[in-house]
Amino acid sequence: MPVTALRQAIRVDWTESLAANGPFAEKVDTYGLTSPQNGTVAVASYDAVRAGRVVIAAAGDTTIDLWAAWTSRTGNTKTNATRLIGYAFFTTGVASTASLKVEPGASNPAPIGLDGTSPSFTIRAGGNFGFVDGTHFTLSNTAKNIKLSNPGTTSVTVDFAFLLGGGTNS
């Protein structure tokens, strides 16, 4: 008998707190990214999730520097992350005319878990992709950039989450 139903999903959830200073209450943020389907992917506990959204124009690209300082939704600042345990990408757009290509950056490329001389993967708009390493990839000031590009003819919206560790939290 053939498969009559299939559910595939990627979900990243986290809770983050910002310590109280003076009369201010602790700020807690629980957030998640989920593919349109339902389900979860278990991930190891690390101390930071860098999440965001970018819109990449047709034939455009952007580079994400995982080593650079960034501020979370709760106001925590993370710098110089030294470990990348995993990532997830969720895309929206027109699948026939837009897609997301993920690859190490041209300069200071970050490891993304793919082998070969030109490691990359492409997700058609409306699709999603998640990856968790069994240990982690090492990040540094010379291994930090991930390039996101859209080889399509219309824009693609990308929600992303990187599970990070090490570095400095403030």
Might you check whether a residue that is outside any loop (DSSP other than H, G, I, E, B), out of contact with any Cys (no Cβ under 9 Å at 6 or more places or on another chain) and surrounded by 14 or more Cβ atoms within 10 Å (Cβ to Cβ) occurs anywhere in the stretch 111-119? no
For A48: the one exception among (1) at pLDDT below 95; (2) more than 13 Å from the chain's Cα centre (by Cα); (3) hydrophobic (A, V, I, L, M, F, W, C): (2)
Of the listed residues (T154, T62, T97, T135), the one being over 16 Å from the mean Cα position of the chain (by Cα) and part of a strand (DSSP E or B) is T135
Tally time: how many residues in the stretch 153-170 are at pLDDT 95 or above and not β-branched (V, I, T)? 1
Looking only at residues in the stretch 124-149 that are at pLDDT below 95 and among the β-branched types (V, I, T), which one is surrounded by the fewest Cβ atoms within 10 Å (Cβ to Cβ)? T135
Here's a check for you: in the stretch 65-80, which residue that is closer than 21 Å to D13 by Cβ and β-branched (V, I, T) is surrounded by the fewest Cβ atoms within 10 Å (Cβ to Cβ)? T71
Using the structure shown, decide if G152 is of a type in the set (G, A, S) and farther than 18 Å from V55 by Cα. no
Of the residues N76, N145, which single one is more than 20 Å from I56 (Cβ to Cβ), touching a strand residue (DSSP E or B) at 6+ places or on another chain (Cβ under 9 Å) and not hydrophobic (A, V, I, L, M, F, W, C)? N76
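The values are calculated or read from the model by the stated rules, or taken from the named source; none is laboratory data. All figures in this text were calculated on a predicted structure; none of them were measured in a lab. Note that we place each Cβ from the backbone using ideal geometry, even for glycine, and neighbour counts take in every protein chain shown.
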